[in-house]
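K.L.:
I'd like to ask some things about the structure below.
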Amino acid sequence: MSAVVIVGAQWGDEGKGKVVDLYTEHADMVVRYAGGPNAGHTLVVGSEKVVVRLLPSGILRPGTVNVLAQGMVIDAAVLVGEIDALGARGHQGVGERLRVSDRAHLILPYHIVVDTLRETSAREGKAIGTTKKGIGPAYEDKARRTGVRAGDLREPARLAARIEAALEAWAPTLRALGGEVPDARAILAEIAPLAARLVPLLCDASALVDAAVRGGQRVLFEGAQGTLLDLDHGTYPFVTSSSAVAGGAAIGAGIGPNRIDSVIGITKAYATRVGAGPFPTELTDADGQHLRDAGAEFGSVTGRPRRTGWLDLPALRYAARVNGIDGLALTKLDVLTGLRTLRVCVAYDTPSGRTRELPPELFDDPTSVRPVYEEHEGWQEELSGVKTLDDLPATARRYVRRLEEQAGVPIYLVSVGQERRQTVVLHNPFFGRAAAP
Ligand code: IMP
């Protein structure tokens, strides 16, 4: 297998970082294809942990090419800041391992201002709970055809003209929100030193990635956010503004969908969501608090406490469908330790009857549907030393097997702790069955 996509099967924060990191060890190239600095993933190298928002997960591995592809929106200041922060920690050669699509769109200061003003001035119940990193407005500019692309950094006159045109387009919105229309010259002055750093990294990412895949290199497409935050397939309008699903890898990286060999979906053993929007299995009781505390469920970009709840199997089946998931990575099973009874949503009661699928009403009228739960006996044992599924307590094993059966896709990996070694790998997408990473 050469081209593998890893996607979040829930609302993001599924623990993609650890799984991507495990498989990255075997990748020649790691490609981010959607989103921007709204993501946050932790790189673990030896005893060191670094949280990055834009850089792909292979960035610290010598010999791995890391690509920010054209489906992304890039904040040049954040990117240069991340490169410099790694340099300051003694990691050399980060820039040499990084390539940036010249067609990726730039997040500029006015995007962040609009995102923030909209969120803070939204009427009750209307705020999306965005990360306020300018993601939505940057993608709006892309769709409105007033965006500024990374390749524009090469040509100061073109860059200036595009920024001026974008400011003209944003002026009414900014004024309506009570904001000021920034001065194009100030933005240009701010961006000039960043441009000098980024221009040498620019490339035709589609050509680069396609050549790697065709050449039989192992290419990992690193998803960001999650299926239910996808612009088309998520719980709209409470979604991000990009194609987070596996198909987004083909669009965002500029390769044919037939080049992708395998899709891995990541799901926690329970569910979380950060920001507003439907979350039918949400818990607001002591069990929910247990999940938040034991799972350290606080946003890695914003620090916000995450909403927590029981695993939603109709949602997982939906994610399996819209992504074409071949195998699941199940994370944070250890967080369930200590709960006496576990519940799993297996179906929904809707105005038109009971369904095993994610009901359409969930997207438009979530109060009209009710999750149907199956109860499972919990376990009290620590799982951190578990090496194989046979080491799991019988109740935990039953939970995993039931999940697999209900999701309809095999489990490739089970994570029982933060450390690399606290992982049961059943299948490595690059090498096949039981090949330990
Ligand atoms: P935006 O992507 O900042 O526009 O935020 C839109 C929605 O997606 C909000 O509910 C955010 O909390 C959520 N979101 C964006 N990125 C992530 C992520 O990486 N993990 C989890 N939620 C995210």
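The values are calculated or read from the model by the stated rules, or taken from the named source; none is laboratory data. Predicted, not measured: the structure shown is a model, and the values here were computed from it. Reconstructed Cβ throughout: ideal geometry from the backbone, glycine too, with neighbour counts over all protein chains shown.
K.L.:
Does L333 count as closer than 30 Å to S2 by Cα, of a type outside the set (V, I, T) and at pLDDT 95 or above?
P.N.:
Judged against the criteria, L333 is a match.
K.L.:
Would you pick out the residues in the range 256-286 that are surrounded by 19 or more Cβ atoms within 10 Å (Cβ to Cβ), touching a residue at least 60 places away in the same chain (Cβ under 8 Å) and in contact with a Lys or Arg (Cβ under 9 Å, 6 or more places away or on another chain)?
P.N.:
Matches in the range 256-286: I266, K268, A269, Y270, A271, T272, R273, V274, G275, F279, P280, T281.
K.L.:
Given (1) in a helix (DSSP H, G or I); (2) crowded, with 21+ Cβ neighbours inside 10 Å, where does Y318 come up short, assuming only one miss?
P.N.:
(2)
K.L.:
Taking K126 as the residue in question, decide whether it is under 22 Å from G234 (Cβ atoms) and touching a Ser or Thr at 6+ places or on another chain (Cβ under 8 Å).
P.N.:
Here the answer is no, as K126 does not meet what is asked.
K.L.:
For G151, which of the numbered conditions (1) in a helix (DSSP H, G or I); (2) out of contact with any helix residue (DSSP H, G or I) (no Cβ under 6 Å at 6 or more places or on another chain); (3) farther than 24 Å from L68 by Cβ; (4) away from the ligand (no atom under 14 Å from the Cβ) fails to hold?
P.N.:
Result: G151 fails condition (3) only.
K.L.:
Collect the residues in the range 331-389 that are more than 25 Å from H233 (Cβ to Cβ) and in a helix (DSSP H, G or I), keeping them in residue-number order.
P.N.:
L333, D334, V335, L336, L389 - these are the residues of the range 331-389 that are more than 25 Å from H233 (Cβ to Cβ) and in a helix (DSSP H, G or I).
K.L.:
Follow-up question, since we're still on this one. Inspect the range 46-61 for any residue being away from the ligand (no atom under 16 Å from the Cβ), at pLDDT 95 or above, touching a Leu at 6+ places or on another chain (Cβ under 9 Å) and not aromatic (F, W, Y) and give the result as yes or no.
P.N.:
no
K.L.:
Restricting attention to the range 120-146, which residues are away from the ligand (no atom under 16 Å from the Cβ) and at pLDDT 95 or above?
P.N.:
Within the range 120-146, R144, R145, T146 qualify.
K.L.:
Taking the stated definitions as given, is L177 closer than 21 Å to G93 by Cα and either of a type in the set (A, V, I, L, M) or touching a residue at least 40 places away in the same chain (Cβ under 8 Å) (or both)?
P.N.:
no
K.L.:
Related question: Would you kindly identify the strands (runs of 3 or more DSSP E) lying entirely within the range 191-307 that contain at least 2 residues that are away from the ligand (no atom under 14 Å from the Cβ)?
P.N.:
Of the strands (runs of 3 or more DSSP E) lying wholly inside the range 191-307, those with at least 2 residues that are away from the ligand (no atom under 14 Å from the Cβ) span 219-222, 262-268.
K.L.:
Show the residue pairs that are 6+ apart or on different chains and have beta-carbon atoms under 6 Å apart, the first residue being within the range 238-252 and in the same structural domain as G35 (by TED's automatic domain parsing) and within 14 Å of T131 (Cβ to Cβ), the second being of a type in the set (D, E, K, R) and modelled with pLDDT of 95 or more.
P.N.:
Qualifying pairs under 6 Å: A244/D230.
K.L.:
If we keep just the residues of the range 109-129 that are surrounded by 22 or more Cβ atoms within 10 Å (Cβ to Cβ) and within 21 Å of the chain's Cα centre (by Cα), which is nearest to C203 (Cα to Cα)?
P.N.:
Per the stated criteria, the residue is H111.
K.L.:
Would you point out which residue out of R154, R175 is in contact with a strand residue (DSSP E or B) (Cβ under 8 Å, 6 or more places away or on another chain) and surrounded by fewer than 21 Cβ atoms within 10 Å (Cβ to Cβ)?
P.N.:
Criteria check complete, one pass: R154.
K.L.:
I'm trying to understand the selection: among the residues of the range 376-408, which are crowded, with 18+ Cβ neighbours inside 10 Å and touching an Asp or Glu at 6+ places or on another chain (Cβ under 7 Å)?
P.N.:
Selection gives L383 alone.
K.L.:
From the list L426, L383, L342, which residue is touching a residue at least 40 places away in the same chain (Cβ under 8 Å), out of contact with any His (no Cβ under 9 Å at 6 or more places or on another chain) and over 18 Å from A319 (Cβ atoms)?
P.N.:
One residue alone meets the criteria, L383.
K.L.:
Enumerate the strands (runs of 3 or more DSSP E) found wholly within the range 28-117, keeping only those where 1 or more residues are without any contact (Cβ under 8 Å) to a residue 24 or more places away in the chain.
P.N.:
41-45, 48-52
K.L.:
Here is a follow-up. Would you mind telling me which numbered condition in (1) closer than 23 Å to P200 by Cα; (2) in contact (Cβ under 8 Å) with a residue 60 or more places away in the chain; (3) assigned to a helix (DSSP H, G or I) E140 fails?
P.N.:
Condition not satisfied by E140: (1).
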